[in-house]
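S.K.: Quick one: structure below, then a few questions.
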Amino acid sequence: MRYSVDFLKTLKYKVKYNHWLPSLLRAYGTVVNNTIYYALEEESVPDHIHIHELVHVAQYKRDGVVKFLIIYFTEYIQNYFIYKDWYQAYINIRYEKEAMEIEQYYREQYGEN
Ligand SMILES: [Zn+2]
């Protein structure tokens, strides 16, 4: 089952722009519970990135903060030992795979932005 864009847009969340946290993790955006942190300015956040981050908000809500963070970082480390590559480790985390699938679907339906 995949989250619909309509559902994602009903989620309650907070957002912070120009934040240092995502840069630390070498990402555009990072989500902790119901708060999205962007390294970018508001006008510079592509829609597909925002959809991706909203999927993480939905995942936190579905699984809870503790379970999300434990699974996320456990899989990240386990994947590193499998792939010996941090980017491959990252994209193979279950939460990232789910978010990327919906982000990709969104890009196909609505175009690049
Ligand atoms: Zn992500």
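The values are calculated or read from the model by the stated rules, or taken from the named source; none is laboratory data. Everything numeric in this text was worked out from a predicted model, so none of it was measured. As a convention, Cβ positions derive from the backbone with ideal geometry for all residues, glycine included, and neighbour counts pool all protein chains shown.
S.K.: Looking at the stretch 35-49, which of its residues are within 13 Å of P22 (Cβ to Cβ) and of a type outside the set (G, A, S)?
M.R.: Across the stretch 35-49, the qualifying residues are T35, I36, Y37, Y38, L40, E41, V45, I49.
S.K.: Looking at K84, K67, which one is among the basic types (K, R), at pLDDT 95 or above and on the phi > 0 side of the Ramachandran plot?
M.R.: Checking each option against the conditions leaves just K84.
S.K.: How do the pairs read when you match residues in the stretch 47-73 that are under 23 Å from K9 (Cα atoms) and touching a residue at least 60 places away in the same chain (Cβ under 8 Å) with residues anywhere that are among the charged types (D, E, K, R) and part of a helix (DSSP H, G or I), using Cβ under 6 Å and keeping only pairs 6 or more apart or on different chains?
M.R.: Taking only residues 6 or more apart or on different chains, the pairs are H48/E103; H48/R107.
S.K.: Every residue in the stretch 64-105 that is within 11 Å of the ligand (Cβ to nearest atom), touching a Phe, Trp or Tyr at 6+ places or on another chain (Cβ under 7 Å) and under 18 Å from L25 (Cα atoms), please.
M.R.: Matches in the stretch 64-105: Y72, Y90, I93, Y95, E96.
S.K.: Continuing with the same structure: Looking at this structure, is V55 assigned to a helix (DSSP H, G or I), away from the ligand (no atom under 16 Å from the Cβ) and modelled with pLDDT of 95 or more?
M.R.: In short, no.
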